[in-house]
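Below you'll find the structure, written out as structure tokens, and then a few comments.
The values are calculated or read from the model by the stated rules, or taken from the named source; none is laboratory data. As the structure is a prediction and not an experimental result, all values here were calculated from the model. Note that each Cβ is placed from the backbone with ideal geometry, even for glycine, and that neighbours are counted across all protein chains shown. In case anyone asks, the SASA skips ligands and DNA or RNA and just uses the protein heavy atoms, side chains included. Shrake-Rupley method; radii C 1.70, N 1.55, O 1.52, S 1.80 Å.
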Amino acid sequence: MCGLLGCIGNVDINLFIDALTKQSHRGPDDWSYCLVDNVVLGHRRLSIIDLSSNAKQPMIAGCGDLIGVFNGEIYNYLEIRNDLEEKGYKFKTNSDTEVLINAYHFYGEKSLEMFNGMFSFAIYNKKNNETFLARDRLGIKPLFYSKRNGKFVFSSEVKSILAICRNRKELNLRAVSSYLSYRYPILNDTFYNGIEQLPPGTYMKISPSGSFRIVQYWDLRDKVYEQDIDRGEEYYLSELKKIFNSSVKYRMISDVPIGAYLSGGVDSSAVVAEMSMMSSSPVKTFTIGFNEKGYNEFEYAKLVADKYKVDHMEIDLTAEGYFDKMSELIRFKDAPMGVPNEVALYLMSKELKNHVSVVLSGEGADEIFGGYGRIFRSSEDYEKLNRRNISKELLARLHTKYGKKKFKNQLDHFLFLYRYVGVEQKKDIFCDHINDKNFDCELDSGFRTVFNSLDCSDYLSKMMFTFERLHLPGLLQRVDVSTMAASVEARVPFVDHRLVEFAFTIPNKYKLKWNCDSSLVDSLLGHEISERYDTPKYILKKAFEGRLPSDVLYRKKVGFPVPLSRWFGSDFIRNVESRLLNGLLVDYDIFKKSRIEVLIKSVEENKNSSLSMLLWMLLNLEMFIEDF
């Protein structure tokens with residue numbers, strides 16, 4: 001796990017080194033750069049595999065023709081190395097970086113299909129002066145790029161690109177609109193005009209002139225169609241256990257101490273249970289929560305910790321510690337935070353760095369096993385909304401949830417459920433000149449491309465596929481930023497591409513499990529069924545029956561609670577009021593001052609959780625704009 005930086009075109013080396021230094025938190029153990037022709041590659045190293053200086057980067061391999069920089073891990077590198085040795089390759093290190101470069105030398109872009117891991121990397125070919133960039137299938141590791149002023153710059157973090165390009169920083173207003181709706185920019189945007197992300201599952205070839213093309217090398221769609229073949233619950237349980245075991249085993253490969261997050265939920269508990277079965281010593285586990293009653297899950301984490309006799313640590317968080325770290329994390333992220341628990345993840349990472357350098361986390365299970373039950377089960381509301389004959393009771397329920405809203409199609413209904421801030425609510429606070437740009441039309445088009453790329457009529461499958469493609473990258477970015485800011489490598493077993501591919505072949509009835517008779521189904525809405533009569537992630541929970549306490553397996557999903565509403569007391573409200581009403585969001589005519597005043601008053605009077613969240617997001621935007 002490291003940080004990389006590259007530039008094609010003339011660049012001052014001292015400027016390049018300064019830009020690379022801005023990623024020192026990603027790689028505190030070593031750094032170097034290499035200039036060949038008009039290409040300079042730089043690397044910050046966090047030593048995880050092969051701690052020797054021989055494995056430093058940039059690394060020359062591929063019979064001396066290739067120079068590469070790499071961020072991430074190739075977990076199956078030993079198997080690939082054996083294959084390459086049989087083909088005559090000699091290795092000077094024990095690192096996965098040398099394996100990656102040699103694999104690309106022999107197989108070209110086809111090597112990407114061999115890699116099991118998380119990665120973003122760049123390889124310069126000295127023979128044809130071509131630069132090759134690639135990002136892992138699901139977007140675990142970031143890779144940003146920009147072409148401007150005769151330079152092509154790519155990096156693990158936006159701040160390094162800004163340091164090299166030195167252009168006037170222009171706020172991407174479409175990204176701001178996307179942030180309010182979805183908590184992060186979709187469409188591979190960043191918050192800066194002219195800086196984009198290489199999409200997950202793609203590679204890029206850059207010519208000596210700086211022209212480039214992006215190619216998608218991985219696609220999940222074909223796996224979804226296999227759901228039509230029901231192989232039975234026992235088959236799916238057996239395969240799930242086998243693949244998950246392999247995924248965790250791969251992610252325990254390390255030359256430095258490892259640990260795990262243990263939140264008390266099913267996903268992290270499953271990871272810890274699997275790790276404990278493979279480890280000869282107690283697994284180091286960490287959980288964090290707020291000291292307010294009802295805002296931590298220590299008791300559930302302790303059930304798992306006691307069962308597996310792990311070396312467990314609880315970390316208390318206070319409001320004071322939380323707000324002190326908000327701006328610090330925003331600077332690491334080069335973006336406003338998407339959810340309040342990012343600060344908690346960062347603080348936990350800082351603490352666990354005193355004990356381990358690698359941590360396993362449970363992100364990714366909800367997307368592939370149906371964890372967002374309230375939304376996923378609501379896919380059936382769409383059919384009920386379009387019935388001709390409907391009971392008065394169901395009609396009343398639909399009216400309470402949807403009002404008089406008419407949905408043009410499944411996507412329109414999905415976006416209504418999925419948006420964190422509604423279109424009308426955004427229009428109410430955005431200034432008119434921003435509303436005139438109609439960014440929501442562009443954002444909806446991005447969702448439409450993904451949602452309708454599945455050639456099937458199954459609404460739930462389209463929902464889950466869209467979550468995997470557009471929701472998961474935001475979660476993975478949070479994990480990457482929050483851990484790398486503390487020089488910790490996070491690994492995510494549920495995002496092993498083999499497990500993801502397999503999970504999408506499982507019929508949805510094994511993910512969302514009915515626990516009620518059909519007479520109730522017709523009279524209730526999706527969120528009501530999910531809360532009382534459903535078992536989300538059924539197949540995963542079934543796989544861990546007997547291995548995890550029932551209180552952990554089958555309790556209601558709560559996410560990571562943050563007491564925002566409680567914190568918005570009079571003192572804090574006055575601070576937020578002063579900052580927002582006299583800040584840059586208003587000065588730059590992005591948001592209407594009068595509507596922010598109304599929002600602040602509503603939060604102060606009602607302590608409404610959704611409005612508190614919106615106010616928190618606006619505060620994040622203000623802090624971000626002030627810094628950048």
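Going through the stretch 58-94 one residue at a time, which ones are of a type in the set (S, T, N, Q) and within 26 Å of the chain's Cα centre (by Cα)? Lay out the reasoning, then the answer.
Step one: filter the stretch 58-94 for residues of a type in the set (S, T, N, Q), giving 71, 76, 82, 93-94.
Matches in the stretch 58-94: N71, N76.
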Matching residues, the stretch 118-141, being in contact with a strand residue (DSSP E or B) (Cβ under 7 Å, 6 or more places away or on another chain), open to solvent by 10 Å² or more (accessible area, probe 1.4 Å) and not basic (K, R): N125, E130, I140
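When the stretch 48-82 is examined, which residues are found to be closer than 18 Å to D136 by Cβ and without any contact (Cβ under 8 Å) to a residue 60 or more places away in the chain?
Filtering the stretch 48-82 down to residues closer than 18 Å to D136 by Cβ leaves 48-49, 57, 68-77, 79-80.
Of everything in the stretch 48-82, those that are closer than 18 Å to D136 by Cβ and without any contact (Cβ under 8 Å) to a residue 60 or more places away in the chain turn out to be Q57, G68, I74, Y77, E79, I80.
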Hits in the stretch 1-24 (condition: in contact with a Phe, Trp or Tyr (Cβ under 9 Å, 6 or more places away or on another chain) and free of Cβ contacts under 8 Å to residues at least 60 places away in the same chain): I13, I17, T21, S24
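With over 20 Å from the mean Cα position of the chain (by Cα) and within 30 Å of D334 (Cα to Cα) as the only criterion, which of M275, M204 stands out? Write out each step before concluding.
Values: M275 fails: within 30 Å of D334 (Cα to Cα).
Among M275, M204, only M204 is over 20 Å from the mean Cα position of the chain (by Cα) and within 30 Å of D334 (Cα to Cα).
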Hits in the stretch 166-187 (condition: open to solvent by 10 Å² or more (accessible area, probe 1.4 Å) and farther than 22 Å from M484 by Cβ): R166, N167, R168, K169, E170, L171, N172, L173, R174, L187
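Got a sec? Which of I67, I74, I13 is in contact with a Cys (Cβ under 9 Å, 6 or more places away or on another chain) and at pLDDT 95 or above?
Numbers: I74 fails: in contact with a Cys (Cβ under 9 Å, 6 or more places away or on another chain); I13 fails: in contact with a Cys (Cβ under 9 Å, 6 or more places away or on another chain).
Residue meeting the stated conditions: I67.
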Among (1) surrounded by fewer than 24 Cβ atoms within 10 Å (Cβ to Cβ); (2) part of a helix (DSSP H, G or I); (3) of a type in the set (A, V, I, L, M) - the single one A301 does not satisfy: (1)
Residue ID - nearest to I375 (Cα to Cα), chosen from residues in the stretch 517-534 that are open to solvent by 20 Å² or more (accessible area, probe 1.4 Å) and within 26 Å of the chain's Cα centre (by Cα): H527
Cβ pairs under 9 Å, 6+ apart, first in the stretch 200-211 and under 20 Å from S111 (Cβ atoms), second of a type in the set (V, I, T) and assigned to a loop (DSSP other than H, G, I, E, B): P200/I140
Test result for S120, under 16 Å from Q216 (Cβ atoms) and not hydrophobic (A, V, I, L, M, F, W, C): yes
Breaking point among (1) in contact with a strand residue (DSSP E or B) (Cβ under 8 Å, 6 or more places away or on another chain); (2) open to solvent by 10 Å² or more (accessible area, probe 1.4 Å), for L112: (2)
Any chance K205 is among the charged types (D, E, K, R), assigned to a strand (DSSP E or B) and over 24 Å from K350 (Cβ atoms): yes
Pair list, Cβ under 9 Å, 6 or more apart: the stretch 144-172 residue closer than 20 Å to S120 by Cα and acidic (D, E), other residue at pLDDT 95 or above and not in a helix (DSSP H, G or I): E157/G3; E157/L5; E157/K22; E157/Q23; E157/R26; E157/P142; E157/F144; E157/D334
Residues satisfying the stated conditions in the stretch 10-56, i.e. open to solvent by less than 10 Å² (accessible area, probe 1.4 Å) and in a loop (DSSP other than H, G, I, E, B): Q23, R26, G27, L46, I48
Looking only at the stretch 57-82, and only at residues there that are in contact with a helix residue (DSSP H, G or I) (Cβ under 8 Å, 6 or more places away or on another chain) and acidic (D, E), the one that is least open to solvent (accessible area, probe 1.4 Å): E73
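I'd like to check something: does the stretch 251-269 contain any residue that is of a type outside the set (A, V, I, L, M, F, W, C) and under 30 Å from Y145 (Cβ atoms)? So that I can check it myself, show each step before the final result.
Step one: list which residues in the stretch 251-269 are of a type outside the set (A, V, I, L, M, F, W, C), which gives 251, 254-255, 257, 259, 261, 263-265, 267-269.
If we keep only those that are under 30 Å from Y145 (Cβ atoms) as well, we get 251, 254.
The answer is yes; a qualifying residue exists.
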Residue count for the stretch 585-603, restricted to those that are open to solvent by less than 60 Å² (accessible area, probe 1.4 Å) and out of contact with any Leu (no Cβ under 9 Å at 6 or more places or on another chain): 1
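Can you tell me which residue in the stretch 542-596 is nearest to Y322 (Cα to Cα), limited to those that are of a type in the set (D, E) and modelled with pLDDT of 80 or more?
Filtering the stretch 542-596 down to residues of a type in the set (D, E) leaves 545, 551, 571, 577, 587, 589.
Remaining after also requiring modelled with pLDDT of 80 or more: 545, 551, 577, 587, 589.
Numbers: E545: 36, D551: 29, E577: 19, D587: 27, D589: 29 Å.
Result: E577.
I need the full set of residues from the stretch 41-57 which are under 29 Å from the mean Cα position of the chain (by Cα) and over 19 Å from Y89 (Cβ atoms), in order please. Steps first, answer last, please.
Step one: of the stretch 41-57, the residues under 29 Å from the mean Cα position of the chain (by Cα) are 41-51, 55-57.
The answer is L41, G42, H43, R44, R45, L46, S47, I48, L51, K56.
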Residue within the stretch 494-503 that is part of a loop (DSSP other than H, G, I, E, B), open to solvent by less than 10 Å² (accessible area, probe 1.4 Å), of a type outside the set (A, V, I, L, M, F, W, C) and in contact with a helix residue (DSSP H, G or I) (Cβ under 8 Å, 6 or more places away or on another chain) present: yes
Candidates K242, K249, filtered to the one that is in a helix (DSSP H, G or I), open to solvent by 60 Å² or more (accessible area, probe 1.4 Å) and touching a residue at least 12 places away in the same chain (Cβ under 8 Å): K249
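What residue, of E442, E393, E424, is in contact with a Ser or Thr (Cβ under 8 Å, 6 or more places away or on another chain), open to solvent by 20 Å² or more (accessible area, probe 1.4 Å) and farther than 30 Å from P493 by Cβ? I'd like the intermediate steps shown before the answer.
Working: E442 fails: in contact with a Ser or Thr (Cβ under 8 Å, 6 or more places away or on another chain); E424 fails: in contact with a Ser or Thr (Cβ under 8 Å, 6 or more places away or on another chain).
Testing whether each residue is in contact with a Ser or Thr (Cβ under 8 Å, 6 or more places away or on another chain), open to solvent by 20 Å² or more (accessible area, probe 1.4 Å) and farther than 30 Å from P493 by Cβ leaves just E393.
Which of the residues spanning the stretch 396-420 are without any contact (Cβ under 8 Å) to a residue 12 or more places away in the chain, assigned to a helix (DSSP H, G or I) and either in contact with a Ser or Thr (Cβ under 8 Å, 6 or more places away or on another chain) or open to solvent by 90 Å² or more (accessible area, probe 1.4 Å) (or both)? Give the steps one after another, and end with the answer.
Initially, the stretch 396-420 is screened for residues without any contact (Cβ under 8 Å) to a residue 12 or more places away in the chain, giving 396, 399-400, 403-406, 408-409, 412.
Adding the requirement that they be assigned to a helix (DSSP H, G or I) leaves 396, 399-400, 412.
Across the stretch 396-420, the qualifying residues are H399, T400.
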All positions within the stretch 146-159 that are buried (at least 19 other Cβ atoms within 10 Å of the Cβ) and either in contact with an Asp or Glu (Cβ under 9 Å, 6 or more places away or on another chain) or part of a loop (DSSP other than H, G, I, E, B) (or both): S146, S156, E157, V158
